[in-house]
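Quick one: the structure is below, and I'll ask about it shortly.
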Amino acid sequence: MGLQPKGATVRGQILLGKDDIQAMAPRARRRLNGQRVSLISQDALSALNPCTTVGYQIAEVLMVHRGVAKQEAMARAVELLSLTGIPAPSERVNHYPHQFSGGMRQRALIAIALALEPELLIADEPTTALDATIKAQILTLLASLRERFGMSILLITHDMGAVARLADRVLVMYAGQAMEVGDVASVFARPEHPYTRALLESMPRLDKHGALLEAIPGTPPSPSEVAHGCPFQPRCAFAGDICREQMPPAVERSNGGHVACHFALREMNYA
Amino acid sequence: MIRVFLRQSVLGLLVVLSALTVTFVLVRFSGDPTSIILPQEATEEQREVLRQQLGLNESLPAQYLTYLGNAAVGNFGRSYFDSEAVTSIVIRHLPNTLVLAGASLALACLFAIPLGVLAAVWRDGVIDRFVQVVAVTGASMPSFWVGLLLIQIFAVGLNLFPTYGTGSPAHLILPAITLAIYVFPSLARLTRSSMLEVLPQSYVMAARAKGMPEARVIGRTVLRNGMVPVLALLALEIGNLIGGAVLTETVFAWEGIGRLAITSIQRRDFPVVQGVVAYVAVGFVFVTMAAEIAIRLVNPKLRHK
């Protein structure tokens, strides 16, 4: 969304529909934010301006992008708040963020993001700061709003449960590199990359009561000391010499999608 | 909000009362007024008669109670020298001080706040360096020296403004600039650091993610959130300036409260000194209260606490 700090390195290409975002002029790119692409971030409290009412923060998107008059925009803010399931929205519009609970703040952020009905909603760990019941509610809300507005959601998360619930396709990344990509059903049922597999195995399960939680040995590398070759190689149970020398190319998975591993676990049957 | 108001009122009353008490005691330590009012060759009997007239030979607690009782109804007595009522003397000098304070603060805000904001937005850029240098320079120059320097350059050298005195708008310019230079450094630096604290907050990034133009992000989101400490500092400076900028008023012979206080102290004109302090203390309390309210209007989180 063009929010990276000055001097950041951006590689590759970003396409929104058929438009190359990086080729756009800064002004056009700024207009894209909110209109075609929206962001909801993980910490809903710090993403809301403490000095302004929640309603105004929703209305201002309509006022700036569409030139809607303030009164009309505030009326629309009430509708958006009620759409995201906030009780008594006509009172809540005039409240300040600190008067909202964690789950309501996240709903308010979603209302802001939806104000202009964007094509793409980027949800950056939308549920990390929330407790389990609220988390489930927010995921259900996102799923229903996706249907209603016909938009796509790009969900960035550590939470495999949220992926299973919301996503169609999943891209597993490690240290900034794509490890495996494919349909959620296929990747979850038959992970071909050792990292994906280890990740799924480390989830708590209801059917393995009393067993120790599986964990991946070691810790994720800091961005400055990513290993040579495959970034996951120092922690990988299957790593060989070739993994230390070169990054594996992406190859087709047996059930569609791609996997980047020298020893893709085709023969493994994960159950 | 009402509780805040009540608490501030009680605190304010205590501040004014302590100021009255401290001045009452201190002026009486400063010496015997009759030794200044009467010529040196006056006899002890003549002095005694004058003390009796001025009420100075009563016991201190009695004097104190009379003083407080009169002060409560706004009567601070008359000057020892020209018998003019203290209140009317203060009221005559007050507008000059207010005009000077207002002009210099407006001037300081006009430059310090925008420059502080721009310095923070383009951190380490040209404006930032400029503000740092100007702030350090400004803070290192005592105001009486700046005043003399300005007189030397603009009044004596270039003959643009009068050297001293009160009266026309032209008289106002040099003292106002002097005081603005005095206020500028702290104001600009506080604005800058306060903005720097707000800029990395996620709600600033969130505003950009909403597609808000950068000028709106800085002008609305960042400025409003960074304003609280700046308002508090401004209140303090207003309080200082309505107490009279003694040095600046003296250098420019500006007929303000500060100069009135100094002259009266030198002449041991007890009623005038006490009256000036009382009015300034009340003014200070009102400005602080206004600032507390303004801060709550800017920051709703404080409002609900």
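A short reminder: the numbers here are calculations on the coordinates, not readings from a lab. Not measured: the values here are computed from a predicted model. Note that we place each Cβ from the backbone using ideal geometry, even for glycine, and neighbour counts take in every protein chain shown.
For a quick protection proxy, order the peptides B:120-130, B:176-186, A:218-228, A:107-117 by their average other-Cβ count within 10 Å, most packed first. Each step should come with its number before you reach the end.
Details: B:120-130: 14.5, B:176-186: 23.1, A:218-228: 10.7, A:107-117: 24.9.
The densest-packed peptide leads the list: A:107-117, B:176-186, B:120-130, A:218-228.
To continue, here is another question. How many percent of the alpha carbon pairs in segment A:27-167 exceed a separation of 18 Å? List each step's numbers first, then the result.
Working: 5161 of 9870 pairs.
Here the long-distance tail beyond 18 Å is 52 percent of all Cα pairs in segment A:27-167.
Which semi-axis lengths, in whole Å and largest first, follow from the square roots of five times the eigenvalues of the Cα gyration tensor of chain A?
38, 23, 16
Partner chain Cβ atoms within 10 Å, averaged over the residues of A:95-103 - can you pull that number for me? Numbers along the way, then the final one.
Working: counts 2, 5, 3, 4, 3, 0, 0, 0, 0.
For this peptide, the per-residue mean of nearby foreign Cβ atoms is 2.
How many percent of Cα pairs in the protein assembly as shown exceed 31 Å? If you can, show how the numbers build up before the last one.
On the way: 109079 of 165600 pairs.
Counting pairs separated by more than 31 Å, the tail of P(r) holds 66 percent.
Let me ask something else. Where does segment B:95-268 land on Rg(C-alpha)/(2.2 N^0.38 Å)?
Working: Rg = 18.8 Å, N = 174, 2.2 N^0.38 = 15.6 Å.
Normalised by 2.2 N^0.38 Å, the Cα Rg of segment B:95-268 equals 1.20.
Give the relative contact order (percent, whole number) for segment B:95-268; include only Cα pairs under 8 Å separated by 6+ residues.
Details: 206 pairs, mean separation 56.2, N = 174.
Over segment B:95-268, the number comes to 32 percent.
Show me B:279-287, A:243-251 ranked by packing, highest mean number of other Cβ atoms within 10 Å first.
Details: B:279-287: 19.3, A:243-251: 14.6.
Result, highest mean Cβ count within 10 Å first: B:279-287, A:243-251.
Would you mind checking A:LYS70/B:LYS301; A:LYS70/A:LYS135; A:LYS135/B:LYS301 for any pair whose Cα atoms are more than 31 angstrom apart? The partial results should precede the final answer.
Details: A:LYS70/B:LYS301 24 Å; A:LYS70/A:LYS135 33 Å; A:LYS135/B:LYS301 26 Å.
The pairs that break the limit, which is 31 Å between Cα atoms, are A:LYS70/A:LYS135.
Taking each residue of A:18-31 in turn, how many C-beta atoms of other protein chains fall within 10 Å of its C-beta, and what is the average? Kindly include the intermediate steps, with their values, before the conclusion.
On the way: counts 0, 0, 0, 0, 0, 0, 0, 0, 1, 1, 0, 1, 6, 2.
Neighbouring Cβ atoms belonging to other protein chains average 1 per residue here.
Given labels modelled 7 Å from the Cα in the Cβ direction, how far is it in nm from B:LYS301 to A:GLN177?
Distance between the two pseudo-spin positions: 4.2 nm.
When Cβ neighbours within 10 Å are restricted to other protein chains, what is their mean count per residue of peptide B:210-219?
The mean count of partner-chain Cβ atoms within 10 Å per residue comes to 5.
I need to check one value: relative contact order of chain B, counting alpha carbon pairs closer than 8 Å and at least 6 residues apart, in percent. Please report the intermediate quantities before stating the final value.
Working: 340 pairs, mean separation 84.4, N = 305.
This gives 28 percent for chain B.
Can I ask one more? With only Lys, Arg, Asp and Glu charged, each at its Cβ (+1 for the first two, -1 for the last two), find how big the charge dipole of chain B is about the Cα centre; round to the nearest 20 debye.
On the way: 23 positive and 17 negative charges, 363 e Å.
With Lys and Arg at +1 and Asp and Glu at -1, about 1740 debye.
Please give every one of the aspartates and glutamates within straight-line cross-link reach of A:LYS18, meaning a C-alpha to C-alpha distance under 17 Å, and leave out same-chain neighbours fewer than 8 residues apart.
Partners found: A:GLU119.
Please give the charge dipole size of segment A:111-170, origin at the Cα centre, charges +1 on K and R Cβ atoms and -1 on D and E Cβ atoms. Round to the nearest 20 debye. Can you show the working numbers first?
Values: 5 positive and 8 negative charges, 30 e Å.
For segment A:111-170, the charge dipole is close to 140 debye.
Please label the shape of chain B as rounded, prolate or oblate, based on the square roots a ≥ b ≥ c of the eigenvalues of the alpha-carbon gyration tensor (a/c under 1.5 means rounded; beyond that, a/b larger than b/c means prolate, else oblate).
Working: a/c = 3.40, a/b = 1.70, b/c = 2.01.
Since a/c reaches 1.5 but b/c is at least a/b, the shape of chain B is classed as oblate.
If the only charges are +1 at each Lys and Arg Cβ and -1 at each Asp and Glu Cβ, what is the size of the charge dipole of segment B:95-268 around the Cα centre, to the nearest 20 debye?
Numbers: 12 positive and 7 negative charges, 70 e Å.
In debye, rounded to 20, segment B:95-268 gives about 340.
Residue by residue through segment B:54-65, which ³J(HN,Hα) values in whole Hz follow from phi under the Karplus form 6.51 cos²θ - 1.76 cosθ + 1.60 (θ = phi - 60°), with glycine and proline marked x?
Values, residue by residue: 7, x, 8, 8, 6, 5, 4, x, 4, 4, 4, 5 Hz.
Rounded to the nearest 0.05, what FRET efficiency do A:LEU3 and A:LYS70 have when you use their Cβ-Cβ distance and R0 = 30 Å? Let's see the in-between values first.
On the way: r = 27 Å, r/R0 = 0.89.
Calculated value: 0.65.
Return one number: the angle in degrees, 0 to 90 and rounded to the nearest 10, between the long axis of the Cα atoms of helix A:102-114 and the longest principal axis of the Cα atoms of chain A.
80 degrees
Ok, one more. For Cα pairs less than 8 Å apart in space and 6+ apart in sequence, what is the mean separation divided by the residue count of chain A, i.e. the relative contact order in percent?
14 percent
Can you tell me the order of B:40-53, A:10-23 when each peptide is scored by its average per-residue count of other Cβ atoms within 10 angstrom, highest first? Could you put the intermediate results ahead of the total?
Values: B:40-53: 11.6, A:10-23: 9.9.
Most protected by this proxy first, the peptides run B:40-53, A:10-23.
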